[in-house]
Amino acid sequence: MHVVATADRSGAVPTAVSANVTKRIVLRLSDESGYQILGVPKDVLDERSAPGRAIVDGFETQVAVLGGTANVAEQTKALDGLAARLRAAGAAEVGPVRSLPASFSAAELPGTLLGEPVLGLSDDTLAPIGFEPVGTFAITGPPQSGKTTAMRAVIDAVRRHDPEVRLFHLAGRRAALTDHTEWMRSATTVEEVKALARELVEVIGDATVPGRYLIAVENVTQFADSDAERALKELFQAVNRSDHFLVGDADVSNLSSGFGFVGDFKAGRRGIALKPDAYDGDSVFKTPFPKVKRADFPEGRGFFVQNGRVALVQLPQG
């Protein structure tokens, strides 16, 4: 496989990429210092050099074009003719280079993958990716990054994987998931959350209780410094010692602490960071992220972290 890449100046190519380039074709540059950076003589090419004149392996070279003309329309005709001759000779058509879709339906995903629920599509394979429905799972991101939609996607993924899962819901007054599914129990006040969390701690700690529990906690950090904080801290600890699953969301700016009940919520080091910054990996999951820009992430796209590994994923939007 051959890869050809172009850039308008030497500094536009990242060092990590440039170090792996085996051959360079240096055409006329606008800045003389660029020749020295690329390791070629600066007195070979100038503004009078013909189009296509280049330096290749230290030699002045004229790059050939199909049709032998500078006319782009004629070059296109010659290229179409070459493609027709190759097809007639039996050359195989190469498929398009695909990328992650910005939006897709959960109906397009399988119900299970290698014994795990399916989170979404992975960037490295463009195929479904699964996750372990055990312990705490954090969904983070800035405002308007799609955290509630991601909560729905994770809950539905577990339900498709295990239709018998028992569902519990903990939230505040601005609960968005109250009507999302048929919860066995739903708590939407601080006192209700405190009481239900204590009941769940007792049940989750009992290994004789059959079945799987899924506990959804909306806006986890809203319960900091409330009467429900201690009960939730104990619940997070119990879930991380069990085979049950708790998924919660919170604004990434509120998850920098590594102590208290926030630290216990993050202890599973598993989850997804939507529209992330590079430092979000270390602050939330103790796992470094590559350099990224939030503006490059559509809603529902983020880094999925599990067992110390990071994958770029797109979650379904409905």
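Computed from the coordinates by the stated procedures, all read-outs in this text should not be read as laboratory data. Fair warning: this is a prediction, and the values are worked out from it, not measured in the lab.
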### Task
Could you work out how far the C-alpha centroid of the range 99-133 sits from that of the range 263-279, in angstrom?
19
### Query
For the chain, what is the mean residue ellipticity at 222 nm derived from helices alone (per DSSP H run of n ≥ 4: -39500 (n - 2.57); sum divided by total residues; nearest 500 deg cm²/dmol)?
-7000 deg cm²/dmol
### Query
Cα-based Rg (one decimal) and Dmax (whole number) for the chain, in Å?
27.2, 84
#### Entry: Note, ³J(HN,Hα) from phi for the range 122-135, Karplus 6.51, -1.76, 1.60, rounded to Hz, x at Gly and Pro
8, 5, 6, 10, 6, 10, x, 10, x, 9, 7, x, 9, x
### Query
the range 1-77 to the range 287-305: how many Å between their Cα centroids?
33
### Query
Counting only residues 5 or more places away or on other chains, whose amide H sits under 5 Å from the amide H of L246 once H atoms are built in the peptide plane?
G135, T136, F137, I215
### Query
Along the range 27-41, what does the Karplus equation 6.51 cos²θ - 1.76 cosθ + 1.60 (θ = phi - 60°) give for ³J(HN,Hα), rounded to whole Hz, x for Gly and Pro?
8, 4, 9, 7, 10, 4, 5, x, 5, 5, 4, 7, x, 10, x
### Message
I want to verify a result. In a Gaussian network model of the chain, Cα cutoff 10 Å, which of these has the top mean-square fluctuation: V65, V193, V118?
### Response
V65
### Query
What is the range 260-318 by shape, rounded, prolate or oblate, if you read a ≥ b ≥ c off the alpha carbon gyration tensor as root eigenvalues and call it rounded for a/c under 1.5, prolate for a/b larger than b/c, and oblate otherwise?
prolate
